[in-house]
Amino acid sequence: MEPVARKIFKGVLLLEMAGVAGAYLLYYKMDTSQDFRHTMNMRLPSILELYYKSNEWAGVSEAREKDRRKWLNNKN
């Protein structure tokens with residue numbers, strides 16, 4: 001490969017690795033913190049919906065119901 005193409009390839013590879021790491025960190029934070037999920041519900045509900053859908057696809061469906069129950073109890 002030419003040096004320029006090699007640098008571009010390395011840059012794209014690093015960007016992809018950073019994107020995967022960022023997605024994992026976001027998922028981990030949402031998975032471990034119900035308060036963070038509430039913040040995501042207020043700011044970016046589509047991202048939270050994606051989190052719920054991925055958990056339901058994996059067979060873990062209680063997170064959405066736990067969150068709804070807690071958030072409804074906090075409003076009352």
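Close contacts from the range 7-27, counting a first residue that is in contact (Cβ under 8 Å) with a residue 12 or more places away in the chain and a second that is assigned to a helix (DSSP H, G or I) and not acidic (Asp, Glu), with Cβ to Cβ under 8 Å and a gap of 6+ residues or different chains, come to Leu26/Ile47; Tyr27/Tyr51; Tyr27/Ser54. Filtered by the rule that a residue be surrounded by fewer than 14 Cβ atoms within 10 Å (Cβ to Cβ), farther than 18 Å from Trp71 by Cβ and hydrophobic (A, V, I, L, M, F, W, C), the range 15-46 gives Leu15, Met17, Ala18, Val20, Ala21, Ala23, Leu25.
For the range 47-62, taking the residues that are more than 14 Å from the chain's Cα centre (by Cα) and not charged (D, E, K, R), the one that is modelled with the lowest pLDDT is identified as Ser61.
Among the conditions (1) over 21 Å from Arg68 (Cβ atoms); (2) surrounded by fewer than 10 Cβ atoms within 10 Å (Cβ to Cβ); (3) within 11 Å of the chain's Cα centre (by Cα), the only one that Val4 does not satisfy is (3). A count restricted to the range 47-76 and to residues that are touching a residue at least 24 places away in the same chain (Cβ under 8 Å) and either loosely packed, with under 11 Cβ neighbours inside 10 Å or touching a Leu at 6+ places or on another chain (Cβ under 7 Å) (or both) stands at 0.
The values are calculated or read from the model by the stated rules, or taken from the named source; none is laboratory data. As the structure is a computational prediction, the values presented were derived from the model and not from experiment. For neighbour counting, all protein chains shown are included, and Cβ atoms are generated from backbone atoms with ideal geometry for every residue, glycine included.
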